[in-house]
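Read through the structure below, which is laid out as structure tokens, and then see the notes.
The values are calculated or read from the model by the stated rules, or taken from the named source; none is laboratory data. Every value quoted in this text rests on a predicted model; they were computed, and no experiment measured them. Cβ placement follows ideal geometry from the backbone for every residue including glycine, while neighbour counts extend to all protein chains displayed. Only protein heavy atoms, including side chains, enter the accessible area calculation; ligands, DNA and RNA are left aside. Shrake-Rupley method; radii C 1.70, N 1.55, O 1.52, S 1.80 Å.
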Amino acid sequence: MKKNYYITTPIYYPSAKPHMGHAYSSIIADFFARFKRIQGYKVFFLTGTDEHGQKIERAAKEQKKNPQEFCDEISKSFKDLTKILNLSNDDFIRTTEIRHKKAATNIWKILEKKGEIYLSKYSGWYSVSDEAFYSEDEIEEVNGVKQSLSSGSKVEWVEEESYFFKLSKWQKPLLEFYSKNPDFILPISRKNEVLSFVRSGLKDLSVSRKSFKWGIQVPNNKDHVMYVWLDALTNYLSAINYPDEGNINFKNFWPADLHIIGKDILRFHAVYWPAFLLAAGINPPKKVYGHGWILSGDQKMSKSKGNILDPIEIIESYGLDPLRYYLIKEVSFGNDGNISKDKLENCINSDLANNFGNLCQRVISFSEKNTDLMTANEISFIDDDISILSIYEKNFNRIIKYIDNQDINSYINFIVEQLFAANKYFNDQEPWNKKKNILRLNTIVYTTLELIRKVTILLYPIIPDTSLKVMSIFNTSDIKLETIINNEYIKKNTKLKKIDILFKKIEKNVN
Ligand code: MSP
């Protein structure tokens, strides 16, 4: 079994400061990266910025900056965000780096050598905002302005000499590839969209632009820069040292296990990307997951709509882990999710403060009063204890499957159920009435602590800082998934460490 795992976020356009939508993709990818690490995988987790193209060139011009200087500034705010979000990324790639230009140039040369690219002329619609070519039937006119049906962004007419990639020829091989790799595109609803797009016939794709300069130069033709999507997609290879295919990183991590992306860029990742790779003789990635949008007031967030939710502001008011938990749990993965401060506050109060936080505090303060913050020397389990402790063992394979199927919703539901179950166990066992049976009292405390330890490990990919804080009760920071099925993990006679309140309940104004 391959014990390496390569996961990526989209690389973001540094055309404006990052917003909640970007934070969402990154947090989701971080969640998977952290889970696979505690599962024992060697993980390579990549994120970065997509810095070429007309969109960036124009944004820089608006601010009277040269594009490189402009990118340096905004790319830095995306890099800073990786720290603010506590992302565990192993690398941050910028497409203006030499290592990336080398990889993109190499891919181009291979495609050209294999006869997959030819020079012709493009005339058609182009959206600078999406950096996408659209056909007549993919656009509409609203108030005299032509725009893309799918994204609503303005399109403009382009007529220029251009290199084309022979995408049409890859229609059949792509369909074969999808049918041999049924999990390549998830969720299923999105897969169907892609299949019908490919089945309806593919036209050759324009892969260079001539009317502006901000891009990677096409080898042997100074007049053209590469189409920004061909350039950008290659980032997934450049970060693992492609074109040096003998390199250990390339050998270990390619093909990528999972590209996390938003549904808006599915066509690029699920159609163009595998076609480029197949044409270049490189294996396509294993899976592309197109998640839904974070909506603000029922609309996709965008600069032009002025409905941007700033992750940094939310983190300053509520803390990072509550935001991570909220986005991972409350936005049903794969679907769009409308987020609001009100829902975030409810989530903090019910799940984090009342359910998880309260469980930890109650047991610790009970232990402080009754067992001197020690786990006992002698423990004697009864059926009630064994049955609740063994839930993890019984569900272990299922938990891993949830993750490997990107079924975040079921994963979280399992955790929430276990939090309720642990609280209920502690209530039902009434350790406060067992002061005359110290063996029983000690066993209840021990069992509840062990339940806390187990659930905290499952919570680690979601709320890493808080989980580490809880693990410090047991004087450890060693988080390994397999230890949730080891009932003897908390040593007897362990001194427990007290911790501060994990989540403050938010007082809500009732109008
Ligand atoms: N640069 C391209 C991606 C190239 S990948 C080889 C791009 N960048 S982007 O900055 O516009 O956005 C990238 C991703 O950010 C989206 O695919 C999505 O994952 C995320 N989101 C941006 N807005 C979003 C929401 N409102 N909601 C959820 N995610 C969204 O496209």
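Of note:
- Signed unit charges on C-beta, dipole axis of the chain, positive-most listed residue 361, 173, 229: 361
- Taking packing as the residue-averaged number of other Cβ atoms within 10 angstrom, the listed peptides 365-376, 428-439 run from highest to lowest as 365-376, 428-439.
- Proximity of backbone amide H atoms, modeled 1.01 Å from N, is registered between residue 146 and 155 at under 5 Å, excluding neighbours fewer than 5 places apart on the same chain.
- Listed values for the stretch 41-55 are Karplus-derived 3J(HN,Hα) couplings in whole Hz (6.51 cos²θ - 1.76 cosθ + 1.60, θ = phi - 60°), namely 7, 8, 10, 10, 10, 10, 9, x, 10, 10, 9, 9, x, 5, 4, and x replaces Gly and Pro.
- Accessible area of the chain divided out per residue, in Å², using a probe of 1.4 angstrom: 43
- Counting only aspartates and glutamates at least 8 places from residue 508 when in the same chain, those with an alpha carbon closer than 17 Å to its own are 342, 345, 351.
- Working from label points 7 Å from Cα in the Cα-to-Cβ sense, the residue 382 to residue 305 distance is 5.6 nm.
- Between the beta carbons of residue 118 and residue 180, assuming R0 = 41 Å, the FRET efficiency works out to 0.90 to the nearest 0.05.
- Estimated translational diffusion coefficient (Stokes-Einstein, Kirkwood radius over Cα pairs, 37 °C, 0.692 mPa s) of the stretch 75-220: 179 µm² per second.
- Lys-Lys pairs in the stretch 1-78 that are eight or more residues apart or on separate chains and whose Cα atoms lie under 14 Å of each other come to 6.
- Principal semi-axes of the equivalent ellipsoid, √(5λ) from the alpha carbon gyration tensor of the stretch 425-511, are 24, 21, 12 Å from largest down.
- Heavy-atom accessible surface of the chain: percent carbon and sulfur, 1.4 Å: 48
- Under conditions of 4 °C and 1.567 mPa s, the chain yields 52 µm² s⁻¹ as its translational diffusion coefficient, taking Rh as the Kirkwood radius over Cα pairs in the Stokes-Einstein equation.
- Simple label model, 7 Å out from Cα along Cβ direction - residue 91 to residue 17, nm: 3.0
- Principal-axis tilt of helix 438-459 within the chain, Cα atoms, nearest 10 degrees: 0
- Percent antiparallel among DSSP beta bridges (both partners in the chain, rounded to 5): 55
- Largest first and in whole Å, the equivalent-ellipsoid semi-axes of the stretch 341-484 read 26, 18, 14, each the square root of five times a Cα gyration tensor eigenvalue.
- Charge dipole magnitude, Cβ of K and R +1, D and E -1 - the chain, Cα centre, debye nearest 20: 940
- Efficiency of FRET from Cβ geometry, residue 193 and residue 393, R₀ 45 Å, rounded to 0.05: 0.70
- Förster-model FRET efficiency, 22 Å R0, residue 427 and residue 505, C-beta, rounded to 0.05: 0.70
- Taking amide hydrogens as placed 1.01 Å from N in the peptide plane, the amide H of residue 295 sits under 5 Å from those of 337, 338, 339, each at least 5 positions away in sequence or on another chain.
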